[in-house]
Amino acid sequence: MSRIYEALQKAESERKVERQGNEPRLPAEEMSPTSAAAATLEYDLPTSFSEPQVVPSIAEQHPLGELNPNVIPRFPWNPSVDRLPSLLERGPAIEQFRSLRSRVYEARDIRPIKSILVSSGLPQEGKSFISANLAVSLARHKNSKVLLIDGDMRRYTLHELLGTESHPGLAEYLAGKATVEQIMQRPDENQGSANHALANLTFIPGGNGGDKAADLSGSARFGELLRLAAPYFDWIIVDSSPVVPVSDGVNLARSCDGVLLVARAGVTKYAVAQRATSELRASNVLGFVLNAVHENPQTGSYYGYNSNKE
Ligand SMILES: Nc1ncnc2c1ncn2[C@@H]1O[C@H](COP(=O)(O)OP(=O)(O)O)[C@@H](O)[C@H]1O
Ligand SMILES: [Mg+2]
């Protein structure tokens, strides 16, 4: 059994403490300093650090212009319900993501937010799972229009969850090789009930940033993309790479209104979560989502999400 737990309100009160001059702290009871295993570090650690570079002359190649939502191409998505449980009509996962969605709405009541980057310290902690399911949950509520962006241009996976094409995507756009309408996708509502359920979702896949992902993520063109898209969407959710091994997520976060951090229960070490918070200190960290918690059957919630058919 597992559940997703958000600590947004707690993080907000911690930010108040931080503003008074103290170091940011993580909610101790949500983080296990004695976690069983650390996430595998799959990314190559940079040997030296340099300032993010702005890719020059891109705006001249493909001026941003206006976004016309009516010309966004429709794709026959084939989403994976196993990896997108928020697509179901009912069930425990729906409750968990509703709860996360409510916390996000509460955060917006405190301070206006539209674009939220989802990140974590290391790979495999659940960033893509949380960002995709949060986006779907938001898109199925109050007729909200949601843009989901795969900002992990190295290990992009969101197209797999949606069952669609991965190119052209954000990387090609930031490199000036594609226009905004060329990288956006909408579901073809005539292609089955799942596509119909995702009618309010627009998707930008990762594209292939490869070795250039760090430079691309530092491009001013990302902020311009968000400004261009903002009038047409209620929410913009951005998945990202882990922030400990690479700087891409920190770069993208500079253009977002808020950041949600993910920690995986029993996996994410306290020091890694702390380091992730520290890397993103210049951004508005809304709080942590504790992902894949294994409930004690005697204390677990009755609607705990059984994600892996145990
Ligand atoms: N709460 C969860 N329940 C079930 N599977 C999960 C959960 N969170 C993540 N996973 C799975 O764990 C793997 C890693 O998650 P992912 O979101 O890709 O991590 P990241 O984006 O941080 O690298 C994926 O196979 C994903 O489907
Ligand atoms: Mg991912």
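The values are calculated or read from the model by the stated rules, or taken from the named source; none is laboratory data. This one's a predicted model, so the numbers in the text were calculated from it and none came from an experiment. We work out accessible area using only protein heavy atoms, side chains counted, and drop any ligands, DNA or RNA first. Shrake-Rupley method; radii C 1.70, N 1.55, O 1.52, S 1.80 Å.
Structure summary
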| quantity | calculated |
| --- | --- |
| Accessible-area ranking of Glu189, Glu125, largest first, probe 1.4 Å | Glu189, Glu125 |
| Euclidean distance between Cα centres, the range 218-280 to the range 186-201, Å | 27 Å |
| With every protein chain in place, the range 72-291: carbon and sulfur % of accessible area (1.4 Å) | 45 percent |
| Karplus-derived 3J(HN,Hα), 6.51/-1.76/1.60, for each residue of the range 254-260, Hz, glycine and proline x | 4, 8, 9, 6, x, 10, 9 |
| Entries of Lys142/Lys269; Lys127/Lys212; Lys145/Lys177 with Cα pairs more than 30 Å apart | Lys142/Lys269 |
| Relative frequency of Cα-Cα separations exceeding 32 Å in the range 72-291, percent | 9 percent |
| Sorted largest first, extent of the range 238-296 alpha carbons per principal axis (Å) | 39, 21, 17 |
| P(r), alpha carbons of the range 158-266 - 10 Å bins starting at zero, rounded % | 13, 43, 35, 10, 0 |
| The range 57-195: mean projected area of Cα convex hull, nm² | 9.9 nm² |
